[in-house]
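Here's the structure, in structure tokens; my notes come after.
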Amino acid sequence: MTEADFLNATRTSYDTMAVGYDERFREELAAKPLDRAILAAFAELVREGGGGPVADVGCGTGRVTGRLRGLGMDAFGIDLSPGMLAVARRNLPGVRFDEGSMLNLDLPDGGLGGLLAWYSTIHVPDEQLPRVFEEFYRVLAPGGHLLLGFQAGDEVLHLTDAWGSAIELDFRRRRPDRMAGLLTEAGLTMTARTVREADTGSAFPEKTPQAFLLARKPIVSGAREDGCTN
């Protein structure tokens, strides 16, 4: 699949199912206490690191953007799908939501105190992940924090229907160690790796374990003029 094919399929699919997605998942975090705790820890790390704006990349309908703002973060959303962004703006009037791609973020170098990618890299083809993580590194300020959430596993799930809407999406489950390795290769320092078992008993049942990676952009990197390294 070419880059254009991947972007077009993702954008069109989420435009198509935006309303159904919002209705299905609007209250999901209320049923996921461990997920809420991880988001709270991320917010605390960003505050301790000096604060600054937090980008929710792949924000969808803005449900997690709103959670971050409730935790005191200066959070805004970025998403590929105009349909999802329309729902986000309706649900959270006054909050900034920008259309854009994580492959080429329209953000300045080093401007973010934090970056959240909450189940938004799951559609990215394997060969594009290094580019995405290099973008994440670029836009984070030194000392800025990244939180990545995704389904753990090896399978690729292809869906053609969601709540009666025709879609064409690949959902890529990935191993936490592999994802951590790619973040490290992009220049980030790992802070934590957490995997929780699939929640099969709630109103939002899962089929796979869920992985959460915390990483940080080093404050100082590379060699100093005196030849020492940090």
Problem set entry | Those residues of the range 187-221 which are out of contact with any Gly (no Cβ under 8 Å at 6 or more places or on another chain), among the aliphatic types (A, V, I, L, M) and modelled with pLDDT under 95, in sequence order | Ala203, Val220
For this session: Find the residue count for the range 18-39, including only residues that are farther than 16 Å from Arg89 by Cα and in contact with a Leu (Cβ under 9 Å, 6 or more places away or on another chain).
Result: 5
Exercise. With respect to the numbered conditions (1) modelled with pLDDT under 95; (2) in contact with a Ser or Thr (Cβ under 9 Å, 6 or more places away or on another chain); (3) surrounded by fewer than 16 Cβ atoms within 10 Å (Cβ to Cβ), which one is the sole condition not fulfilled by Arg224?
Worked result: (2)
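Sort through Val95, Val87, Val54 and tell me the only one that's of a type in the set (Val, Ile, Thr) and under 17 Å from the mean Cα position of the chain (by Cα). Spell out how you get there, then give the answer.
Working: Val95 fails: under 17 Å from the mean Cα position of the chain (by Cα); Val87 fails: under 17 Å from the mean Cα position of the chain (by Cα).
Exactly one of Val95, Val87, Val54 is of a type in the set (Val, Ile, Thr) and under 17 Å from the mean Cα position of the chain (by Cα), namely Val54.
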For this session: Output the residues belonging to the range 87-107 that are hydrophobic (A, V, I, L, M, F, W, C) and surrounded by 16 or more Cβ atoms within 10 Å (Cβ to Cβ).
Result: Val87, Ala88, Leu92, Val95, Phe97, Met102, Leu105, Leu107
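Hey, any hits in the range 87-102 for a residue that's β-branched (Val, Ile, Thr) and part of a loop (DSSP other than H, G, I, E, B)?
Going residue by residue through the range 87-102, those that are β-branched (Val, Ile, Thr) are 87, 95.
Cutting the leftovers down to part of a loop (DSSP other than H, G, I, E, B) gives us 95.
Yes, because at least one residue in the range 87-102 is β-branched (Val, Ile, Thr) and part of a loop (DSSP other than H, G, I, E, B).
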Exercise. Do you know which residues across the range 26-69 are of a type in the set (Gly, Ala, Ser), outside any helix (DSSP H, G or I) and in contact with a helix residue (DSSP H, G or I) (Cβ under 8 Å, 6 or more places away or on another chain)?
Worked result: Gly52, Ala55, Gly60, Gly62
Problem set entry | Output for the range 104-120, where each listed residue is under 22 Å from Ala211 (Cα atoms) and in a loop (DSSP other than H, G, I, E, B) | Tyr119, Ser120
For this session: Please indicate, with yes or no, whether at least one residue in the range 22-41 is without any contact (Cβ under 8 Å) to a residue 24 or more places away in the chain and under 22 Å from Ala192 (Cα atoms).
Result: yes
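The values are calculated or read from the model by the stated rules, or taken from the named source; none is laboratory data. Predicted model, so just to flag it, every value in this text is computed and none were measured. Cβ sites come from the backbone with ideal geometry, for glycine too, and all protein chains shown count toward neighbours.
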